[in-house]
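The values are calculated or read from the model by the stated rules, or taken from the named source; none is laboratory data. Source: prediction; values computed, not measured. All Cβ positions, even for glycine, are placed from backbone atoms using ideal geometry, and neighbour counts span all protein chains on display.
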Amino acid sequence: MADEPRKAIKIMANDYNFVRPAEGFDRRAWGQEMSFSEASLSYDWRISLPQELAHSDPQAFFQWQVDLGCNVIFHHCYTFNGCAWYPSKLGPIVPEPGNKFFGKVLDLAHNAGLPFHTYMGIAADIFTCAVRNDWLVPNTTLFGVGTLAPESEWTDLLCRRIEEVLTEYPLDAILFDQFFYGDTQTPGHLEPAPFVAKPFKEIIGRPMPEKAEDITPEETLIYWREVLARQFIRIRDAVKSIRPDCIIYVNVPYVEPNSPLWTDHVMMKESDWLFVESSRPELLDWLMSVRQPEQRIITTIIGMPHMDGECDVKTWQVLYDKGFDFFGYAFPDPKTLFPPPLYDEELAIVHEAYHALPG
């Protein structure tokens, strides 16, 4: 008897981190700069406001994913704006009835026999960034705000949120986004800061210099690797202490294969799955070559509106044949609460792929 075909993981997020109005707007006129590039300013999407999506219908949200052919249902427990979609005691909450939306979608998924995955951001939480400047990596920005330092008390709060949501809800997996130090690309050097002093002495073995230029590139790399390892271990332990069977996968902005920042890193070895927000062959081939035997590698079939060409929805069969799984996302129009027509062509290909792939 021939072997059964591999069942693909098929996820498609109606991504509430951002909105993309169907009528569009000029971000330059809006006046908010972003960290990616000047070219990204022309895209007609922005961070969602808490009230914009709060009246979403859980059944329609769930059914949209099912109709696309997803075999996993996905929704954020905290969105990028810093608000929870459940009655969290550890941060701002989406207004009624949105603060019950998370639990209702989870129940619909599990009642249908489908796994439910959620999302937390690691390096940026707009509300927290705004009110705790002392937790920010100096001279960094992401969507107009700084990035949160893994050595700061932010990681304490993040782990408490992890424990809270896992205690209240039977989650099957969590995607942790923005796992980097200071920037979406590898930053040039480590910046001295109050929260850097103690771990710098522990890791490097000398007091933290007063100036960034007095920290060598070799010391910076050693420091980044160790600090990110410590943060990953804390996140992993927070998850597994509550739900040992909850899957962890981490979105890392891999810049190049064989990066010294990630080679043999504990995150690479101990994350349950590996996630890459790209379909660049050199990155995918590298991840496949270094993955642990049980690790699945999820590539992004649609998304990344600020980095054209890195997600190719037309190569899904090739990627499946190579052993990859799939994650996609599209930003909703705040009026309809679903992706606007500009996504129609890509979503049609996702529909074709997900209905054709086993699983």
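Report, by residue number, each residue of region 208-254 that is part of a loop (DSSP other than H, G, I, E, B), modelled with pLDDT of 95 or more and touching a helix residue (DSSP H, G or I) at 6+ places or on another chain (Cβ under 6 Å).
Once the filter is applied, which keeps residues that are part of a loop (DSSP other than H, G, I, E, B), modelled with pLDDT of 95 or more and touching a helix residue (DSSP H, G or I) at 6+ places or on another chain (Cβ under 6 Å), region 208-254 yields MET208, ARG243, CYS246.
Identify, by number, the condition in (1) surrounded by fewer than 19 Cβ atoms within 10 Å (Cβ to Cβ); (2) out of contact with any Cys (no Cβ under 8 Å at 6 or more places or on another chain); (3) under 22 Å from LEU158 (Cα atoms) that LYS201 doesn't meet.
So the condition that LYS201 fails would be (3).
Yes or no: region 185-201 includes at least one residue that is under 20 Å from MET267 (Cα atoms), at pLDDT below 95 and among the charged types (D, E, K, R).
No.
Residues that are more than 19 Å from ILE47 (Cα to Cα), surrounded by fewer than 19 Cβ atoms within 10 Å (Cβ to Cβ) and either modelled with pLDDT under 95 or not charged (D, E, K, R) (or both): does region 136-151 have at least one?
yes
Filter region 261-298 down to residues that are surrounded by 14 or more Cβ atoms within 10 Å (Cβ to Cβ) and assigned to a loop (DSSP other than H, G, I, E, B), then give me how many there are.
Final tally of qualifying residues: 11.
For every residue, the table says whether it meets (1) more than 18 Å from the chain's Cα centre (by Cα); (2) assigned to a strand (DSSP E or B); (3) crowded, with 19+ Cβ neighbours inside 10 Å; (4) at pLDDT below 95.
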position	(1), (2), (3), (4)
PRO50	yes, no, yes, yes
LEU53	yes, no, yes, no
SER56	yes, no, yes, no
ALA60	yes, no, no, no
GLN65	yes, no, yes, no
GLY82	no, no, yes, no
LYS89	yes, no, no, no
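Scan region 183-202 and tell me whether some residue there is part of a loop (DSSP other than H, G, I, E, B), within 17 Å of ILE297 (Cβ to Cβ), of a type in the set (Ser, Thr, Tyr) and out of contact with any strand residue (DSSP E or B) (no Cβ under 9 Å at 6 or more places or on another chain).
No.
Taking only region 18-44 into account, find how many residues are surrounded by fewer than 19 Cβ atoms within 10 Å (Cβ to Cβ) and modelled with pLDDT of 55 or more.
Number of matching residues: 5.
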